[in-house]
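Report on the following structure.
The values are calculated or read from the model by the stated rules, or taken from the named source; none is laboratory data. The shown structure was predicted, so the numbers you read here are calculated from the model rather than taken from an experiment. Cβ placement follows ideal geometry from the backbone for every residue including glycine, while neighbour counts extend to all protein chains displayed. For the accessible areas, the whole protein counts, side chains as well, though only heavy atoms, and no ligand, DNA or RNA atoms are used. Shrake-Rupley method; radii C 1.70, N 1.55, O 1.52, S 1.80 Å.
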Amino acid sequence: MFPRLLPVTRTLLIANVAVYLLQLLLGDTLLDWLALWPVGHGFLPWQLLTYGFLHDTSGFAHLAFNMLALWMFGSPLEQTWGQKRFLTFFLVCIAGAGLLQLAVGWWMVSAGALPYPTLGASGGVFGLLLGYGMLFPNNRMIVFPLPMEIKARTLVIFYVLLALVLGFTGLQPGVAHFAHLGGMVVGWLLIRYWRGQPPFGRGPRKPKPPHLRSVR
């Protein structure tokens, strides 16, 4: 359940904790520049990455949950992919989650909602969860509060459905559920791109049946 902590994962953990301490020290000053604001209401391009290193300072749970998930799912992926590809994957998932959240934020503001900032590493973390489920689908895990082992693939499906339900029903306000979905969708697309699978390639060729092979 708790893999060996590898260099890039460790650096990301330290960066998130350091920024959290800066937030406690500086108050909401960082939010104006680094949180993800809707287009036309304070959005700046670098916010597509920087928002993923900010967290809610009203409590420690937001940061703790994300960092625990980053450790659990990040280190196995870093060990499998290597440092460069793992870091690329994590940052692309954060940016992809941010893009979907920008679209949702624009729609909500257009409908009359007040503009609000998005912050947190959850988009990248959900991308890591998706990547872990794709690479190790049959690994069994125990996830609080479930009192049983569950396959990684099943856990991914559960969180996708949960994010869809909560996102469309609004049963858990104040959480960017569509950003979570954005991180997972972009992570799925990136892995398929690396594998040369549709929609980016034809995928691995299937061997011809024996009766169709030429005989020499």
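Within the accessible area of region 1-92, what % is carbon and sulfur when the probe is 1.4 Å and the other protein chains stay in place?
71
Give me the dipole magnitude in Debye, nearest 20, for the chain about the Cα centre, with unit charges on the beta carbon: positive for Lys and Arg, negative for Asp and Glu.
Here the chain has a charge dipole of around 1720 debye.
Just need the relative contact order of the chain here, percent rounded to a whole number, with Cα pairs under 8 Å and 6+ apart.
Taking the mean separation of contacting Cα pairs over the length of the chain, I get 22 percent.
Loop only per DSSP, at most 12 neighbouring Cβ atoms within 10 Å: give me the chymotrypsin sites (Phe, Trp or Tyr not before Pro) in region 5-110, ordered by residue number.
Sparse-neighbourhood loop chymotrypsin sites (Phe, Trp or Tyr not before Pro): Trp46, Phe60.
Please give, to one decimal in nm, the separation of the simple spin-label points placed at Leu24 and Gln83, each 7 Å out from Cα toward the Cβ.
Rounded to a tenth, the inter-label distance reads 2.9 nm.
Taking only protein heavy atoms into account and a 1.4 Å probe, give the accessible area per residue of the chain in Å².
Using a 1.4 Å probe on heavy atoms only, each residue of the chain averages 58 Å².
If amide H atoms are built 1.01 Å from N in the plane of the peptide, which residues on other chains or at least 5 residues away come under 5 Å of the amide H of Met141?
So Met141 has HN proximity to Ile150, Lys151, Ala152.
Label 7 Å along Cα→Cβ of Met108; region 58-81 residues with amide nitrogen under 18 Å?
Only 58, 62 pass the distance filter.
If one takes the longest principal axis of the Cα atoms in the chain, at what angle in degrees, from 0 to 90 and to the nearest 10, does the Cα axis of helix 61-81 lie?
Around 30 degrees separate the two axes.
Calculate the translational D of the chain in whole µm² s⁻¹ from Stokes-Einstein, where the hydrodynamic radius comes from the Kirkwood formula applied to all Cα pairs, the temperature is 25 °C and the viscosity 0.890 mPa s.
For the chosen part, D equals 133 µm²/s.
Based on DSSP H runs of at least 4 residues, each adding -39500 (n - 2.57), what is the mean residue ellipticity at 222 nm of the chain after dividing by all its residues, to the nearest 500 deg cm²/dmol?
Using -39500 (n - 2.57) per qualifying helix, the result is -20000 deg cm²/dmol.
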